[in-house]
Amino acid sequence: GAVVSQHPSWVICKSGTSVKIECRSLDFQATTMFWYRQFPKQSLMLMATSNEGSKATYEQGVEKDKFLINHASLTLSTLTVTSAHPEDSSFYICSADSNYGYTFGSGTRLTVV
Amino acid sequence: KQEVTQIPAALSVPEGENLVLNCSFTDSAIYNLQWFRQDPGKGLTSLLLIQSSQREQTSGRLNASLDKSSGRSTLYIAASQPGDSATYLCAVRGTSGSRLTFGEGTQLTVNP
């Protein structure tokens, strides 16, 4: 089956710093990857769609300057939370479409203190 | 705009019971439907993928059905086990674009 690797699993950072989250498709190529945010006891909220070699498409209400997405290769997409604040603390999950449907990473728990 | 609803929101059953989780969607123009499992603090694990042309898919104790015309899917879990305790999410992919629309999930607890 298809595997998506997401790192780090958890990160704690100080307010005002930036954090980068990586998402890799290990055994397939992903021209498109998706970034979600999940609040406690809620379903996933799509933040943006990253496209290899072009600009990401952001959902309404998501600040593109706050959440920088780069999809430089067919197997790697990154999400950088810039100038993080406590309200950015959340669970972030990436996914990609494979021959087996959508495959998700294991998620990143971000805590901003 | 596609809307996906899952019922019930939470379910608690004794071990060994067979159970059914329900998912309904408002727009029948779907490409496929996927059932996921999410454990607390973890990512999503794909359980079953049903293409729009299919009626059901089976994997072990799991069986998912799809009735596209009525906008419904069910996930049947046979002989439930405590290890099945998790949140189950239903997601629909439309025919235009690649976006997934998720339901709010059903939180399942199987008691030993």
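For (1) more than 14 Å from chain B (Cβ to nearest Cβ); (2) in contact (Cβ under 8 Å) with a residue 60 or more places away in the chain; (3) out of contact with any strand residue (DSSP E or B) (no Cβ under 8 Å at 6 or more places or on another chain), each residue gets a yes or a no:
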{"position": "A:Met47", "(1), (2), (3)": "no, no, no"}
{"position": "A:Glu52", "(1), (2), (3)": "no, no, no"}
{"position": "A:Lys66", "(1), (2), (3)": "yes, no, no"}
{"position": "A:Ala84", "(1), (2), (3)": "yes, yes, no"}
{"position": "A:Ser90", "(1), (2), (3)": "no, no, no"}
{"position": "A:Thr108", "(1), (2), (3)": "no, yes, no"}
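Which numbered condition in (1) away from chain B (no Cβ under 14 Å); (2) without any contact (Cβ under 8 Å) to a residue 12 or more places away in the chain is the only one that A:Leu76 fails?
Tallying (1) away from chain B (no Cβ under 14 Å); (2) without any contact (Cβ under 8 Å) to a residue 12 or more places away in the chain, A:Leu76 fails exactly one: (2).
Within 13 Å of chain A (Cβ to nearest Cβ), open to solvent by 60 Å² or more (accessible area, probe 1.4 Å) and modelled with pLDDT of 95 or more: which single residue out of B:Gln38, B:Gln6, B:Gln107, B:Gln57 fits that description?
Selected residue: B:Gln107, the only one of B:Gln38, B:Gln6, B:Gln107, B:Gln57 that is within 13 Å of chain A (Cβ to nearest Cβ), open to solvent by 60 Å² or more (accessible area, probe 1.4 Å) and modelled with pLDDT of 95 or more.
Restricting the stretch B:89-104 to residues that are in a loop (DSSP other than H, G, I, E, B) and either buried (at least 20 other Cβ atoms within 10 Å of the Cβ) or within 11 Å of chain A (Cβ to nearest Cβ) (or both), which is nearest to the chain's Cα centre (by Cα)?
B:Gly103
Among the residues that make up the stretch B:10-30, is at least one of them in contact (Cβ under 8 Å) with a residue 24 or more places away in the chain, within 14 Å of chain A (Cβ to nearest Cβ) and surrounded by fewer than 12 Cβ atoms within 10 Å (Cβ to Cβ)?
Looking for residues that are in contact (Cβ under 8 Å) with a residue 24 or more places away in the chain, within 14 Å of chain A (Cβ to nearest Cβ) and surrounded by fewer than 12 Cβ atoms within 10 Å (Cβ to Cβ), one finds at least one in the stretch B:10-30, hence yes.
If we only count strands (runs of 3 or more DSSP E) wholly inside the stretch A:36-113, which ones have 2 or more residues that are among the aromatic types (Phe, Trp, Tyr)?
Answer list for the stretch A:36-113: A:90-98, A:101-104.
The values are calculated or read from the model by the stated rules, or taken from the named source; none is laboratory data. Model, not experiment: these values are computed from the prediction. Because the Cβ atoms are built from the backbone with ideal geometry, glycine has one as well, and the counts that use them run over all protein chains shown. Remember, those area values only see protein heavy atoms, side chains included, never the ligands or the DNA or RNA. Shrake-Rupley method; radii C 1.70, N 1.55, O 1.52, S 1.80 Å.
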